[in-house]
Amino acid sequence: MRLSTEQRLLIRDAAASTLGPTADVRLFGSRTQADAKGGDIDLFVELDGDASEVLEQELKFYAALQRALGEQRIDIVVHRRSMPLRPIDREAIEHGERI
């Protein structure tokens, strides 16, 4: 995982304050590959709730991440647990690393 300990803690704190205790947050994509360079921070989040609740949580999480980590490219993929898994969801679950 190519995130510093401080970055991981900041992401965990942002998730806890905006997404609630049942959220599952994983890093996926190039930042999970130790030999890769650069790359944005790709986060996969699984949440409970209806579409409007989940959207509000996602926006608050993104804002909290930008404040905590500074301006960085951060992509967030959200899966509502009540919905079927998409291919990107399966990829993140299978290859992602829990934060």
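Taken together, the values in this text are just the output of simple stated rules run on the coordinates, not laboratory data. What you are looking at is a predicted structure, and each value in this text was computed from that prediction instead of being measured. Note that each Cβ is placed from the backbone with ideal geometry, even for glycine, and that neighbours are counted across all protein chains shown.
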Practice task
For Val77, list long-range residues whose amide hydrogen, built 1.01 Å from N in the peptide plane, is under 5 Å from its own amide hydrogen.
Solution key: Leu43, Phe44, Val45
Handout entry: Residue (of Thr22, Leu55, Ile93) at the positive-pole extreme of the chain, dipole from beta-carbon charges
Key = Ile93
Completion exercise
Per GNM of the chain with C-alpha springs under 10 angstrom, the most fluctuating residue out of Ala34, Ala14, Ala68 is Ala34
Fill in the blank from the handout: Most exposed to least, judged by fewest other Cβ atoms within 10 Å, Leu69, Leu19, Leu9 sort to Leu9, Leu69, Leu19
Completion exercise
With DSSP loop assignment and no more than 11 other C-beta atoms within 10 Å, the trypsin sites (Lys or Arg not before Pro) in region 17-74 are Lys37, Arg73
Handout entry: Net charge, Ala68 excluded, C-beta distance under 14 Å - Lys, Arg +1, Asp, Glu -1
Key = +1
Handout entry: Beta bridges by DSSP in the chain, antiparallel share as percent, to the nearest 5
Key = 50 percent
Fill in the blank from the handout: Which residues qualify? For Asp24, with a placed amide H closer than 5 Å and at least 5 residues away or on another chain, they are Glu46
Handout entry: Karplus (6.51, -1.76, 1.60) ³J(HN,Hα), θ = phi - 60°, over region 58-67, in Hz, Gly and Pro reported as x
Key = 4, 5, 5, 4, 4, 4, 5, 5, 4, 5
Exercise for the section: Would you work out the charge dipole size for the chain about its Cα centre, treating the Cβ of every Lys and Arg as +1 and the Cβ of every Asp and Glu as -1, and quote it to the nearest 20 debye? Expected result: 240 debye
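Evaluate E = 1/(1 + (r/R0)^6) for Ser30 and Glu53, where r is the Cβ-Cβ distance and R0 equals 30 Å; express this FRET efficiency to the nearest 0.05.
Values: r = 30 Å, r/R0 = 1.01.
The value I calculate is 0.50.
Stretch Glu6-Arg86 to full length: gain in nm at 0.36 nm per residue minus the Cα-Cα span? Show your work: numbers first, answer last.
Working: separation 80, 0.36 × 80 = 28.80 nm, distance 3.09 nm.
Between Glu6 and Arg86, full extension yields an extra 25.7 nm.
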